[in-house]
Amino acid sequence: MNRQEEEESSTTDKNCTTKQEQEQVSDMSAIPVAMDKVAAAALRSVLQRVSQAAEKAGRGSQQIRVVAVSKTKPVSLIKQVYDVGHRCFGENYAQEFIEKAPQLPEDIEWHFIGNLQSNKVKPLLASVPNLDMVESVDDEKIANHLDRAVGNLGRKPLKVLVQVNTSGEEYNMILTSVCLFLLEVEWHLGSDAAFCSTFEWLSGSDAASHATASELCIYYYLGVSFKTAKSGVEPSGCVELAKHVIQSCTNLQFCGLMTIGMLDYTSTPENFKVALANCRNEVCKALGIPEEQCELSMGMSNDFEQAIEMGSTNVRIGSTIFGPREYPKKK
C-alpha cells in the first residue's frame, strides 16, 4: 500500500507497519558482518535475538519493529547505527529530542516514547517533521493537544499509541517537589519534571549503574516513601481513550497500545499477558478492527525477548544497543 492509499483509507483500517519496518529485522544481509563500531555490532546482535525470539513464538521476524532508543546519546553514536541501515529511533525527553533530531537525516522514522507535556507538543512537532509516532498518549488532554498541533502545522495524520498501565503500579511524582538532591541535578523524567535515579534503579534500569551512594540513599534520610513511577491509562479506560483518539482527533491515527512491564512480570508472565491481551481484545472489539491492526509496543533491553513471545510487535531497545545511559550532572 503506498502513502497516498494509506492517507485515503480510514484510520482504523490502516496497517501502521511499513514495508521498510517489516524488512529491517529479516534482512540481516543489509548489515555488514565486519564492523568496528560497537553500537552497530550491538544492533546486529539485537536483530538476531529478535529473529530467534520471533521464531520461538511461531512468528515472523518481519512482524517485529525494533525502535533503537537513543535518549542521552550523542548524535554521532546515533549516526553509527543509522549508517548500517537502521531507520527507526526513539527518544524519551522532548527538549533533548528537539535539539538532536534536526542534526540527523530526514529519513529517520522517529518515535517519541516518553512523558509528553502539553507545552512541548507544538515545539516538538514543529522541530521534528519526521516524527512518525508518539507511543505515550495516556489521556485525552495530550491527545487533544497533539491533534490541534498536527492540524495547525498542516502535517499528515500522526500515528499514536495509547499507553496503558498494565503493571498495576501507581504513578507518584512526590520526589520531584521534596527531594533536595533533585534541585542540584539536570536529569529529567519525562519531558520537564525532575529526574530521580532511584526511580530508574527500582525499575531495573541501567541508570542504577551510574547512581552514587548519596543519590540512592538520600531519600531515606529525608524520610520520603514512594512507589516506582509508571504512567499510562488504567486498563479500564483504554477503550474510551482509544475511541476518543479515533472519533475526536481527526489528525491522529490510532495504531495500538503501549505498555511498560511490571518489575517482576517475568515471575508471573501469565498475569501480565492476560492483562494486556484483555486490553487489546476489548479495544479491537469496541473499534471493530482485527487484532493484527492493533500494535503492541512492549519490551525493552532487559525483557524484549519475553515480550515478543507475549505478542509484542514493537520493542524499544536502548542500552543493549547504545550502552549504559549517561545522565549529566550539574557542575
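Give me the one-decimal nm value for the distance between modelled label points at A126 and Q52, 7 Å along each residue's Cα-to-Cβ direction.
With each label point 7 Å from Cα toward Cβ, the separation is 4.8 nm.
So if we plug the beta-carbon distance of N152 and K285 into 1/(1 + (r/R0)^6) with R0 = 25 Å, what FRET efficiency do we get, rounded to 0.05?
Efficiency at R0 = 25 Å is approximately 0.15.
Set the Förster distance to 25 Å, then compute FRET efficiency between D107 and S45 from the Cβ-Cβ distance, nearest 0.05.
0.55
Strictly over 26 Å apart at the Cα level, which of K56/K285; K73/K156; K71/K243; K159/K285; K71/K285; K56/K79 would you flag in this model?
In this structure, K56/K285; K73/K156; K71/K243; K71/K285; K56/K79 exceed 26 Å between Cα atoms.
Can you list the residues, at least 5 places off or on another chain, whose amide H is less than 5 Å from the amide H of G90, using H built in the peptide plane?
Hits under the 5 Å cutoff: A68, V69, S70, H111.
How do K159, K73, K56 rank when sorted from fewest to most other Cβ atoms within 10 Å of their own Cβ?
Taking fewest neighbouring Cβ atoms as first place, the list is K56, K159, K73.
For T166, what residues show an amide H to amide H distance below 5 Å, using hydrogens built from the backbone and excluding near sequence neighbours?
The list, which skips near neighbours in sequence, is I260.
Report the extension gain between D83 and E234 in nm, rounded to one decimal, defined as 0.36 nm multiplied by the number of residues separating them, less their alpha carbon distance.
That works out to 50.4 nm of additional length.
For the stretch 132-141, take each phi angle, set θ = phi - 60°, evaluate the Karplus expression 6.51 cos²θ - 1.76 cosθ + 1.60, and give the result in whole Hz per residue in order, putting x for glycine and proline.
Once rounded to whole Hz, the list reads 8, 7, 10, 8, 10, 7, 10, 7, 5, 4.
Every read-out reported here was derived from the displayed coordinates using simple, explicitly stated rules and does not represent laboratory data. Only a predicted model underlies this, so the values are computations on that prediction, with no experimental measurement involved. A quick note on method: Cβ atoms are made from the backbone with ideal geometry, for glycine too, and the neighbour counts reach across all protein chains shown.
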